[in-house]
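Before any comments, here is the structure.
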Amino acid sequence: MTRVPGRCSLTLVAAALAAAILVPLTGGAQPKPLRPYTLILDFVPTGEYVPHYTALEKGFYRDEGLDVKIVRGQGSGDTVKRIAAGQGDVGISALIAARANTDVKVKAIALWYRRPPHGIFVRSDSPIKSAKDLEGKKLAISPGNSHQILWPVFEKLSGLKPNSVSWVTMDAASMPPALIKGATDAVPFFVVHEARIRKVAQQQGVDIRVLVAWSDLGFDVASTSLVAREDSIAKDPEGLKAFLRATFKGADYAFRTKHFEEGVGYVVKHHPEVDPDGAVGAAQVGARFVYAEEVTSGKVAVGQFETARLEKTRDLYTQYLELKRKVGLEEIYTNDLLPEKK
């Protein structure tokens, strides 16, 4: 006689099947949708921005719930305007001049370059061996270039005789070729571009060298920062904190632990026009400006502002840029969103 399963057994089977069906639907929280987030650079993508592309490609932003889009910049001043207009959530920019002259409602949330990357380039075969040797020489310059605006500071730091150089104005793209061809004796350029300019020069059978980096002369002021709108800081501090955590995680991986080539690969993936050799050189130099001595020694955390340094920066720029007003430090920055402070 065949035994028919009891009602109790059928009930258990039915319950097990129901559980198997329901578990995928109810078991565990569903992942939150990623929040769109835009970072606006200050210039075109190069090796300087390896930390941000590293955070993007390794999923650090995604882990924080952010779907980050990185947008090229058109200059520091333009980036501030675009952030103020709500075209991006975070930007990379200098801020003091914009805050002083236009009272733009944007504030720095983390210091990026802790020193200005200003430098002077000459040809390797140039007889110019020191800054003082620039006396009587001809330098290329682009309109509004901060090197020329801050030149009196360079003269003071280097001991160069005041007003002893002549300037030849041209667009920024023409400056390296002018030096390579010998049309000018020197060009002021950011030192992060050394590898790129050297490669171009060597392809033409010459070489160039950095005569001096201004920071090596004691040009010890703050440079670019990560900036955000004041209303974002007030209304969405958690979003900005998440962005900074991921960004600094990318910086630690790419810059602090020197994964330069890997990081450049991420930049080139998004921008195939970028020269990898020049980008690696830019990353190596940029890392020194982000991880300056006060960070590597443990005095301050990466991104942390120091009141005395920022006050010195504000005062110097107010004088030499002839700003409309001396901005209060509380208008310029906050350390409150940083993942770590010391």
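Take the residues in segment 215-239 that are more than 20 Å from E306 (Cα to Cα) and touching a helix residue (DSSP H, G or I) at 6+ places or on another chain (Cβ under 8 Å), then tell me which one is surrounded by the most Cβ atoms within 10 Å (Cβ to Cβ).
R229
Restricting the search to segment 153-168, which residues are loosely packed, with under 13 Cβ neighbours inside 10 Å and either assigned to a loop (DSSP other than H, G, I, E, B) or in contact with a helix residue (DSSP H, G or I) (Cβ under 7 Å, 6 or more places away or on another chain) (or both)?
Listed by number, the residues that qualify are G159, K161, P162, N163, S164.
Of the numbered conditions (1) farther than 14 Å from L226 by Cα; (2) among the charged types (D, E, K, R); (3) modelled with pLDDT of 95 or more, D103 satisfies every one except a single condition; which is it?
(3)
Report yes if L179 is assigned to a helix (DSSP H, G or I), within 20 Å of A213 (Cβ to Cβ) and modelled with pLDDT of 95 or more, otherwise no. It would help to see each step written out before you state the result.
Working: assigned to a helix (DSSP H, G or I): yes; within 20 Å of A213 (Cβ to Cβ): yes; modelled with pLDDT of 95 or more: yes.
Answer is yes for this residue.
If K342 meets every condition in (1) closer than 17 Å to S225 by Cα; (2) among the charged types (D, E, K, R); (3) not assigned by TED's automatic domain parsing to the domain that holds I96 apart from one, which number is that one?
(1)
Can you tell me which residues in segment 103-117 are within 15 Å of the chain's Cα centre (by Cα) and of a type in the set (D, E, K, R)? Working first, answer last.
The initial filter retains those residues of segment 103-117 that are within 15 Å of the chain's Cα centre (by Cα), namely 108-117.
R114, R115, listed by residue number.
Out of all the residues in segment 292-324, which are closer than 25 Å to L157 by Cα and in contact with a helix residue (DSSP H, G or I) (Cβ under 8 Å, 6 or more places away or on another chain)? Before you say what the answer is, go through the steps one by one.
At the first step, the residues of segment 292-324 found to be closer than 25 Å to L157 by Cα are 292-295, 305-323.
Across segment 292-324, the qualifying residues are E306, T307, L310, E311, T313, R314, L316, Y317, T318, Y320, L321, L323.
Only residues that are among the β-branched types (V, I, T) and in contact with an Asp or Glu (Cβ under 8 Å, 6 or more places away or on another chain): list them for segment 288-333, please.
As a first pass, look at segment 288-333 and keep what is among the β-branched types (V, I, T): 290, 295-296, 300, 302, 307, 313, 318, 327, 332.
Within segment 288-333, V300, V302 qualify.
Between a residue in segment 252-269 that is assigned by TED's automatic domain parsing to the domain that holds F289 and farther than 11 Å from T46 by Cα and any residue that is part of a helix (DSSP H, G or I) and of a type outside the set (A, V, I, L, M), which pairs come within a Cβ distance under 6 Å, given they are 6 or more apart or on different chains?
Y253/T54; A254/P51; A254/T54; A254/G263; F255/P51; H259/Y253; F260/Q284
Would you confirm, using the coordinates I've provided, whether V200 is touching a residue at least 24 places away in the same chain (Cβ under 8 Å) and within 29 Å of A97 (Cα to Cα)? Write out each step before concluding.
On the way: touching a residue at least 24 places away in the same chain (Cβ under 8 Å): yes; within 29 Å of A97 (Cα to Cα): no.
For V200, the condition - touching a residue at least 24 places away in the same chain (Cβ under 8 Å) and within 29 Å of A97 (Cα to Cα) - is not met.
Answer with yes or no whether V206 is among the β-branched types (V, I, T) and in a strand (DSSP E or B). Full working, then the answer.
Values: among the β-branched types (V, I, T): yes; in a strand (DSSP E or B): no.
Judged against the criteria, V206 is not a match.
Show me the strands (runs of 3 or more DSSP E) entirely contained within segment 33-151 in which 1 or more residues are surrounded by 20 or more Cβ atoms within 10 Å (Cβ to Cβ) and either out of contact with any strand residue (DSSP E or B) (no Cβ under 6 Å at 6 or more places or on another chain) or outside the structural domain of H193 (by TED's automatic domain parsing) (or both).
On the way: elements: 35-40, 66-71, 90-93, 106-111, 118-123, 138-141.
The qualifying strands (runs of 3 or more DSSP E) are 35-40, 66-71, 90-93, 106-111, 118-123.
The values are calculated or read from the model by the stated rules, or taken from the named source; none is laboratory data. This structure is a prediction, so every number in the text was calculated from the model and none was measured. Because the Cβ atoms are built from the backbone with ideal geometry, glycine has one as well, and the counts that use them run over all protein chains shown.
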